[in-house]
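Engineer: My questions will all concern the structure given below.
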Protein chains: 2
Amino acid sequence: MAEEVKVFRTWSSPFALRVIWALKLKGVEFDTIYEDLSNKSPLLLQYNPIHKKVPVLVHNGKVICESLVILEYIDETWKQNPLLPEDPHQQANARFWAKFGDDKVLQSIAWGVVPMEGKELEEGVLATLESLKYLEEEIRGKKFFGGETIGLADIALGWLAYYLDIFEEILGLKLIDQEKFPSLAAWKQEFANAPIIHENWPDRDKLVNKFVAMREAKLGKETPK
Amino acid sequence: MAEEVKVFRTWSSPFALRVIWALKLKGVEFDTIYEDLSNKSPLLLQYNPIHKKVPVLVHNGKVICESLVILEYIDETWKQNPLLPEDPHQQANARFWAKFGDDKVLQSIAWGVVPMEGKELEEGVLATLESLKYLEEEIRGKKFFGGETIGLADIALGWLAYYLDIFEEILGLKLIDQEKFPSLAAWKQEFANAPIIHENWPDRDKLVNKFVAMREAKLGKETPK
């Protein structure tokens, strides 16, 4: 096999996990390069000079950055187990929810709500619940956002199925509860337990420690004693 | 012709312009619904309940939101004059620069730099110039980001070719000058003058007034007397 496929990731990045999942769902073999973002490798800086972030996919010397762009590339390059449906309107829906997840949920929870407290936290939680309601409506009656199989939107939103519990634990509150979000809760379980997804979650305790440290650092900065 | 194509836009939105340009480049006929964002129509709220924004494309009853998602839909639905190249890596590049333009240039200039002053403005301008340097490198030696013809990245970045001059006028400074950004300046001219693009720019004076008012409102709010 002359094909070279390399993924630059960190152990914890939910964006990088998307690329890992997509390649594994496609059955594409690849090499993994683990990056330490506090000491980025010269190769990472060379391949992604603009954002200096993971994930980066290198395929036969061609470099692709930005996780959602990489997912499209993977789907276009390896046609088996498609991530996007054939129908243009269903494709648009998948892209819409992937983008919604990034713009309105991931950023607002992980880098917004998690390092908040008091009134700011309350408001952030309310905004997050509003966004989650839209996801609940969209997934109602379906197994996956992609229908019967895991698709682009599932992969993009997949972090919810594991990281959200961790955020809830750190903040001491429940965001997706069974009663208010029955369909989203069912999807979380379905997705998290799918074999290829399940096998690739990062270490839970390490993630808790990482986000606790991030929260403390940020709160400390914003409310100096 | 039984096909129904409707675009919800405002007179000034650069996001909506993308959809207008793409449909016109494809030669697709459509009806335009002008929205007043201070008094949104029930139809806009029904079609885009989440973001409540323009543009919205309605094609034979199917609703598509988010300008970059709409561009992909248009390209997938009407195959003539492709916006994306065949090659997956070139596709990825086009998507990367479209996203870069939104994340790092459009948001940071229009809603960031334009309503700033003093030291904050200086820093914003420096960050913008950093981003523009990447665009300069990318467009060097090419007519369009898409190569010989206007593609997805050109349409996504197209606002630069008209709105940037207006922002420069309002701020009283030059961001893309001929000397530092010769290739980007050439692209601006090439793009702005392409017939379908040229015919669809909004009224310049009205845009100046709109952004002056936005700047004043925001500055007034942030530094109350």
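The values are calculated or read from the model by the stated rules, or taken from the named source; none is laboratory data. Quantities reported herein were computed from a predicted structural model and do not represent experimental measurements. Neighbour counts are summed over all protein chains in view; Cβ atoms, including those assigned to glycine, are modelled from backbone coordinates with ideal geometry. Areas reflect the complete protein model, heavy atoms only, side chains present, ligands, DNA and RNA absent. Shrake-Rupley method; radii C 1.70, N 1.55, O 1.52, S 1.80 Å.
Engineer: Using only the Cα atoms of segment B:88-220, each taken as one equal point scatterer with no solvent, compute I(q) by the Debye sum, divide by I(0), and report log10 of the ratio at q = 0.15, 0.16 Å⁻¹.
Structural biologist: -0.72, -0.82
Engineer: Specify whether the C-alpha gyration tensor of segment B:5-77 places it in the rounded, prolate or oblate class, a ≥ b ≥ c being the square roots of the eigenvalues: rounded for a/c under 1.5, otherwise prolate if a/b is larger than b/c and oblate if not.
Structural biologist: Details: a/c = 1.72, a/b = 1.46, b/c = 1.18.
Prolate.
Engineer: Pick from A:158, A:118, A:27: which is most flexible by mean-square fluctuation in a GNM of chain A where alpha carbon atoms under 10 Å apart are linked?
Structural biologist: Among A:158, A:118, A:27, the largest GNM mean-square fluctuation belongs to A:118.
Engineer: Under the convention of a label 7 Å out along Cα→Cβ, give the distances in nm from residue B:219 to the same position in every other copy, shortest first.
Structural biologist: Reported distances to equivalent positions: 3.9 nm.
Engineer: Any idea what the relative contact order of segment B:5-77 is, in percent, if you count C-alpha pairs under 8 Å spaced at least 6 apart? Walk me through the numbers before you get to the answer.
Structural biologist: Details: 101 pairs, mean separation 27.7, N = 73.
Once normalised by length, the contact order is 38 percent.
Engineer: Divide, for the protein assembly as shown, the radius of gyration over alpha carbons by 2.2 N^0.38 Å, where N is the residue count.
Structural biologist: On the way: Rg = 22.3 Å, N = 450, 2.2 N^0.38 = 22.4 Å.
For the protein assembly as shown, the normalised Cα radius of gyration comes out at 1.00.
Engineer: OK, next. Report the accessible area of residue B:9, computed with a 1.4 Å probe over the heavy atoms of all protein chains in place, in Å² rounded to the nearest 10.
Structural biologist: Residue B:9 has an accessible surface of roughly 20 Å² with all protein chains in place.
Engineer: Next up: When the helix-only estimate is applied to chain A (DSSP H runs of n ≥ 4, each -39,500 (n - 2.57), divided by the residue count), what is the mean residue ellipticity at 222 nm, nearest 500 deg cm²/dmol? All intermediate terms of the calculation are to be shown ahead of the outcome.
Structural biologist: Values: 10 runs with 118 residues, N = 225.
-16000 deg cm²/dmol, from helical runs alone.
Engineer: Okay, moving on. Considering only protein heavy atoms, what per residue accessible area in square angstrom results for chain B with a 1.4 angstrom probe? Numbers along the way, then the final one.
Structural biologist: Numbers: 10660 Å² over 225 residues.
For chain B, the solvent-accessible area averages 47 Å² per residue.
Engineer: Now for a separate question. Considering only C-alpha atoms, what is the centroid distance from segment A:60-127 to segment B:32-60, in Å?
Structural biologist: 23 Å
Engineer: Given contacts defined as C-alpha pairs under 8 Å and at least six residues apart, what's the relative contact order of segment A:88-220, whole-number percent?
Structural biologist: Details: 107 pairs, mean separation 39.4, N = 133.
In percent, rounded to a whole number, it is 30.
Engineer: Of the residues B:138, B:169, B:72, which exhibits the maximal mean-square fluctuation in a Gaussian network model of chain B defined by a 10 Å Cα contact cut-off?
Structural biologist: B:169
Engineer: GluC sites (Glu not before Pro), restricted to segment B:1-71: which are DSSP loop and have at most 14 other Cβ atoms within 10 Å? Numbers along the way, then the final one.
Structural biologist: On the way: sites: B:3, B:4, B:29, B:35, B:66; in loops: B:3, B:4, B:29, B:35, B:66.
Here the GluC sites (Glu not before Pro) that fit, given the DSSP loop and packing criteria, are B:3, B:4, B:29.
Engineer: Quick one: compute the contact order of chain B, relative version, from alpha carbon pairs under 8 angstrom and 6+ residues apart, as a percent. Don't jump to the answer; show the numbers that get you there.
Structural biologist: Values: 254 pairs, mean separation 43.5, N = 225.
Reported as a whole number, the value is 19 percent.
Engineer: Leaving out ligands, DNA and RNA, and with a 1.4 Å probe, what % of the accessible surface on the protein assembly as shown is carbon or sulfur?
Structural biologist: Numbers: 10710 of 21290 Å².
Roughly 50 percent, rounded to a whole number.
Engineer: Cross-link list B:99/B:210; A:119/A:188; A:62/B:142; B:26/B:52; A:53/B:40; A:104/A:143: which exceed 31 angstrom alpha carbon to alpha carbon? Don't skip to the end; give the middle numbers.
Structural biologist: Working: B:99/B:210 25 Å; A:119/A:188 28 Å; A:62/B:142 20 Å; B:26/B:52 27 Å; A:53/B:40 39 Å; A:104/A:143 22 Å.
Beyond 31 Å: A:53/B:40.
Engineer: Kindly work out what percent of the DSSP beta bridges joining two residues of the protein assembly as shown are antiparallel, to the nearest 5. Numbers along the way, then the final one.
Structural biologist: Details: 18 of 26 bridges.
That works out to approximately 70 percent antiparallel.
Engineer: Something else: Per-residue accessible area for residue A:205 at 1.4 Å probe radius, Å² rounded to 10?
Structural biologist: Around 110 Å² of this residue is reachable by solvent.
Engineer: To one decimal place, what Kirkwood hydrodynamic radius in Å is obtained for chain A from all pairs of distinct Cα atoms? Could you put the intermediate results ahead of the total?
Structural biologist: Working: mean 1/r = 0.0544 Å⁻¹.
With all distinct Cα pairs of chain A included, I get 18.4 Å.
Engineer: Take the alpha carbon atoms of segment A:168-206, find their center, do the same for segment B:158-189, and report the distance between the two centers in whole angstrom.
Structural biologist: 47 Å
Engineer: Using a 1.4 Å probe and counting only protein heavy atoms, how much accessible surface gets buried when A and B come together, both sides summed, in Å² to the nearest 100?
Structural biologist: Heavy-atom accessible area buried at this interface is about 2300 Å².
Engineer: What figure, in Å² to the nearest 10, do you get for the accessible area of residue A:198 with a 1.4 Å probe and non-protein molecules left out?
Structural biologist: For residue A:198, the solvent-accessible surface is approximately 110 Å².
Engineer: What are the semi-axes of the equivalent ellipsoid for segment A:123-191, taken as the square roots of 5 times the Cα gyration tensor eigenvalues, largest first, in whole Å? Could you put the intermediate results ahead of the total?
Structural biologist: Numbers: eigenvalues 81, 32, 22 Å².
Ellipsoid half-lengths, sorted descending, are 20, 13, 11 Å.
Engineer: Mind telling me which of B:211, B:145, B:191 comes out most flexible in a GNM of chain B, alpha-carbon contacts under 10 Å?
Structural biologist: Judging by the Gaussian network model, the answer is B:211.
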